[in-house]
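S.K.: Please find one structure pasted underneath; my questions will follow.
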Amino acid sequence: MLSLRVRPPTSFDFRRFNAGYLERRWRLSRDCFLSFSPKFEENRGIKFGVRSSKSDVAFTAAEEEETLPEELQAELMPKHVAIIMDGNGRWAKNRGLQPWDGHRAGVEALKEIVELSGKWGIQVLTVFAFSTDNWIRPRIEIDFLFSLFERSLKSEFQNLAKNNVRISIIGDSSKLPKSLLRVINEVEEVTKNNTRLQLIVAVGYSGKYDVLQACRGIAQRVKDGEIGVEEIDERLIEEELETNCTEFPYPDLLIRTSGELRVSNFLLWQLAYTELFFAQELWPDFGRSGFIEALTSFQQRQRRFGGRKS
């Protein structure tokens with residue numbers, strides 16, 4: 001079952017153009033410039049995502065737990081939520097900014113959703129960060145994305161580790177920068193025993209790639225005599241998929257932002273019985289209220305998995 005949320009028309013909101021808003025836009029542009037500066041290493045003040053009032057407060061273990069919103073029921077929360085974080089480029093273009101400004105804003109939006117997921121009892125959050133199809137984008141944008149990803153991991157993984165968040169990276173890593181691979185290996189090792197929330201980041205990933213690499217793995221095992229052809233079944237394929245890194249490999253809920261109505265080659269095998277929710281907001285604008293609405297929609301559905309309710 002899918003849900004499409006269409007935002008009702010609204011009048012022009014002058015409140016967005018107050019002094020605080022303009023200052024945040026200036027800070028965003030400045031940070032983007034600094035990230036390409038040769039002296040970037042001296043500018044360690046640049047942290048995870050866009051500088052804004054909400055990002056100045058770190059997500060720490062001592063932070064008071066947020067009560068589950070009254071719209072949601074704890075016993076009906078999905079164990080695994082997947083998100084296609086779409087719309088960073090359009091968000092930036094609409095504001096006369098550069099694409100990388102949108103990616104910075106997108107990282108900030110992700111930080112909020114990760115924090116809320118941990119507080120509200122979601123056990124696995126999988127996000128589509130970079131598709132195999134994204135390699136056709138301009139090289140300068142790709143380089144910036146990987147640089148941003150690496151810096152974000154460096155600056156945030158200690159906070160995430162303190163909050164018992166496990167970080168896993170899936171996808172084809174063969175084309176990733178070596179420096180990023182080193183950071184990924186370190187982050188996965190440091191957080192591997194954490195149990196509060198598992199954050200799975202799909203980088204260089206696609207659903208077709210995942211099934212293909214699983215088939216190759218199984219074929220190699222047949223060739224090596226480990227298994228017979230007659231032993232190949234769904235369970236064996238699922239064991240070879242990259243989502244074998246989690247106890248809950250099948251998303252209960254998939255959220256896609258930006259109004260697009262497709263899954264874009266994401267988790268094709270794993271989404272067989274996933275509930276779909278499509279939000280109109282571009283990813284940087286998707287926050288707490290949008291997340292609550294998606295989760296509320298999920299909790300109102302009856303999941304039958306091919307059966308029939310008596």
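The values are calculated or read from the model by the stated rules, or taken from the named source; none is laboratory data. Since we're looking at a predicted model, the values are computed, not measured. Neighbour counts are summed over all protein chains in view; Cβ atoms, including those assigned to glycine, are modelled from backbone coordinates with ideal geometry. Remember, those area values only see protein heavy atoms, side chains included, never the ligands or the DNA or RNA. Shrake-Rupley method; radii C 1.70, N 1.55, O 1.52, S 1.80 Å.
S.K.: Spin-label point model (7 Å from Cα, Cβ direction): what's the Leu261 to Gln213 distance in nm?
M.R.: 3.2
S.K.: Cut-off 19 Å, label point 7 angstrom out along Cα-to-Cβ of Val190: give me the residues of the range 148-173 whose amide nitrogen falls inside.
M.R.: So the set is 148-170.
S.K.: Order Tyr250, Tyr209, Tyr273, most accessible first, counting only protein heavy atoms with a 1.4 angstrom probe.
M.R.: Accessible-area ranking of Tyr250, Tyr209, Tyr273, largest first: Tyr273, Tyr250, Tyr209.
S.K.: Also: Heavy atoms of the protein only, probe of 1.4 Å, neighbouring chains included. What is the accessible area of Ser258 in Å², nearest 10?
M.R.: Per-residue accessible area (Ser258): approximately 10 Å².
S.K.: If DNA, RNA and ligands are ignored and the probe is 1.4 Å, what is the ranking of Thr274, Thr132, Thr67 by accessible area, most exposed first? Show your work: numbers first, answer last.
M.R.: On the way: Thr274 10, Thr132 45, Thr67 115 Å².
Largest to smallest exposure gives the sequence Thr67, Thr132, Thr274.
S.K.: Got a number for the accessible area of Val127? Probe 1.4 Å, square angstrom, nearest 10.
M.R.: Val127 has an accessible surface of roughly 0 Å² with all protein chains in place.
S.K.: Turning to a different aspect of this structure: Kindly flag which residue pairs out of Lys111/Lys154; Lys111/Lys175; Lys79/Lys119; Lys111/Lys162; Lys154/Lys192; Lys119/Lys162 have an alpha-carbon separation exceeding 21 Å in this structure.
M.R.: Correct reply: Lys111/Lys175.
S.K.: Can you send over the solvent-accessible area of Met77, 1.4 Å probe, protein chains only, in Å² to the nearest 10?
M.R.: It works out to around 20 Å².
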